[in-house]
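Here the structure comes first, spelled out in structure tokens, and everything after it is commentary.
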Amino acid sequence: MELNVYNIKGEETGRKITLNESIFGIEPNDHAIYLDVKQFMANQRQGTHKSKERSEISGSTRKIGRQKGGGGARRGDMNSPVLIGGGRVFGPKPRDYYFKLNKKVKALARKSALSYKAQNNAIVVVEDFAFEAPKTKDFVAMTKNLKVSDKKLLMILAEANKNVYLSARNVKGANVQTISGLNTYRVLDAGVLVLTESALSAIDNILM
């Protein structure tokens, strides 16, 4: 699959770039995508949830009713889970939601996500660029020139560029990442993927 290379003015540079079929042209594996997205979302969880059990509730430990004959469930003190204000049975405790995922599965998931974008013609290649100063209006103008301003976009750079990042920070629906920030969730979450030429070469080196 060949794509035109544009400049930030939205003009064709006259160059074409061929997407690697082993990365952008595979049969997507939905299960690999599911596992990778599941791991990413799990890693975002703080895991600090906590509820108090009956031994942790502040209250008297005096048995407030007889064992039998009351007509209701047996209960001991005021901290019993069957009473309002009592402890919770098997409540959540702080935990780590991380789980292991093989590198090959993660790579397959990223290739599958990129292949979906290629199938949907949702990839735009732009020549390497830099802003002299962080200006939001310059980034907005670029997205309009590339005709992606009305879409949720993910821009991938080969290396960190502070001016580009700061220019896009206040633009709704725009996300600028380096190659290290390229993951399955972000690719699928974006409506269009904007890649610089050097970033595209870096993807080939990482996922091959």
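A few comments on the model shown:
- Every residue from the stretch 16-51 that is in contact (Cβ under 8 Å) with a residue 60 or more places away in the chain and assigned to a strand (DSSP E or B): Ile17
- Restricting Asn175, Asn163, Asn170, Asn183 to residues that are within 24 Å of Asn29 (Cα to Cα) and either of a type outside the set (Phe, Trp, Tyr) or open to solvent by 50 Å² or more (accessible area, probe 1.4 Å) (or both) narrows the list to Asn183.
- In the stretch 92-118, the residues that are touching a Gly at 6+ places or on another chain (Cβ under 8 Å) and crowded, with 17+ Cβ neighbours inside 10 Å: Ser115, Ala118
- The test for being within 25 Å of Leu195 (Cα to Cα) and surrounded by 14 or more Cβ atoms within 10 Å (Cβ to Cβ) does not hold for Tyr34.
- When Thr18 is tested against the conditions (1) more than 20 Å from Val194 (Cα to Cα); (2) open to solvent by 70 Å² or more (accessible area, probe 1.4 Å), the lone failure is (1).
- Residues located in the stretch 52-62, provided they are open to solvent by 100 Å² or more (accessible area, probe 1.4 Å) and either closer than 30 Å to Leu108 by Cβ or not in a loop (DSSP other than H, G, I, E, B) (or both): Arg54, Ser55
- Count of the stretch 77-109 residues which are touching a residue at least 40 places away in the same chain (Cβ under 8 Å) and part of a helix (DSSP H, G or I): 5
- Filtered residue count, the stretch 98-129, keeping only those that are within 17 Å of Ser201 (Cβ to Cβ), more than 16 Å from the chain's Cα centre (by Cα) and not charged (D, E, K, R): 6
- Test: residue in the stretch 63-82 that is touching a Ser or Thr at 6+ places or on another chain (Cβ under 9 Å), open to solvent by 60 Å² or more (accessible area, probe 1.4 Å) and closer than 30 Å to Ser180 by Cβ: no
- Taking each residue of the stretch 57-76 that is without any contact (Cβ under 8 Å) to a residue 40 or more places away in the chain and looking for partners that are basic (Lys, Arg) and surrounded by 10 or more Cβ atoms within 10 Å (Cβ to Cβ) with beta-carbon atoms closer than 7 Å, six or more apart or interchain, yields Gly65/Arg75; Gln67/Arg74; Gly76/Lys63.
- Any hit, the stretch 129-150, residues being within 28 Å of Leu35 (Cα to Cα), touching a helix residue (DSSP H, G or I) at 6+ places or on another chain (Cβ under 7 Å) and open to solvent by less than 40 Å² (accessible area, probe 1.4 Å): no
The values are calculated or read from the model by the stated rules, or taken from the named source; none is laboratory data. Just so you know, these numbers come straight off a predicted model, no measurement behind them. Glycine gets a Cβ as well: all are built from the backbone with ideal geometry, and neighbour counts include every protein chain shown. The area values use the complete protein model at the heavy-atom level, side chains included, leaving out ligands, DNA and RNA. Shrake-Rupley method; radii C 1.70, N 1.55, O 1.52, S 1.80 Å.
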